[in-house]
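Read the structure below first, then the notes.
We did not get these values from a lab; they are worked out from the coordinates using the rules stated. The model shown is predicted, which means the values in this text are computed figures rather than measured ones. Please note: Cβ atoms are built from the backbone with ideal geometry, for glycine as well, and neighbour counts cover all protein chains shown.
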Amino acid sequence: MAREPRKQPGRVNWRLTVALLALGAAGVSTAVAGYKVSLYVTSDPQFILSHDRKDALTILGLTYASRSKVQRIFATDFDRSIFSVPLAERRRRLLAIDWVEDASVSRVWPDRLVIRIRERKPVAFVSLRSGPLLIDAQGVLLEPPAQAQFSFPVLSGVREEQSDAERRGQVRAFLQVQEEMGYLAKEVSEVDASDPENIRIVAQVDRRVVTLLLGDGNYAHRFQNFLSHYPEIRKGSPQAKVFDLRLDGRFTVKE
């Protein structure tokens, strides 16, 4: 019977071993260096966010959002290194503040934080059970700031219990009405977009307040046509205040 050849003892691959040892040493060296850098930037006094420096916390872009609410988020970061501040967490808390649509937090060498705020832009008033509020293009409800003056029409049909997505659809219909009507929109004081397929507006025409049913489009043409014929319409129906304009070229008095 033939014997199997005896296996020779394996040779050590010294080049591979040396490379692995060098790589391990480099990794340890990098980790140690990283730890030293981290310890340095989180403990050295030159990186401390100090109450004594007026611009230590710089807040940009605020008009209506509460400055005190923004400052409160960073209250615990003073007397600590700016490199200890969890920027993502601070931004998340900023986005929860009324009127804040977007925000960023940046470290500025060696000891400052800069907060940039982009505020929401209201487009209309809404009247709710809790009182009048503002609403932006995303359907977010906003508390009117104290001593602020806004001149917007009222968007009716909005309810507190609706989701932002539901309100967003109504705001989209409202903005479409404004865009299509152009300069004529200045005569409109209220838009009811509770049913986007049947838009209703309240407008001042010849010093009278009238309600007009405009349907689902062709808003400017229907309104302009109504304005052109209103003197004769008023003669025929002097007490009428609600008109159906959903059929182009025809005006129906709604009792």
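Results, tabulated for the structure shown:
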item: Positive dipole terminus of region 122-253, leading residue within Phe226, Val209, Ser237 (C-beta point charges); result: Ser237
item: Local electrostatic count, Gly61, Cβ distance below 9 Å [Lys/Arg +1, Asp/Glu -1]; result: +1
item: Charge sum, other residues only, whose C-beta stays under 9 Å from Gly139's C-beta, Lys/Arg counted +1 and Asp/Glu -1; result: 0
item: Order by protection proxy (mean Cβ within 10 Å, highest first), peptides 66-77, 104-115; result: 104-115, 66-77
item: Euclidean distance between Cα centres, region 90-108 to region 179-255, Å; result: 43 Å
item: Under 5 Å, built H, 5+ apart or other chain: amide partners of Val205; result: Val210
item: Region 158-197: trypsin sites (Lys or Arg not before Pro) falling in loop per DSSP and having at most 12 other Cβ within 10 Å; result: Arg159
item: Residue-count net charge about Lys121 - beta-carbon cut-off 9 Å; Lys, Arg +1, Asp, Glu -1; result: -2
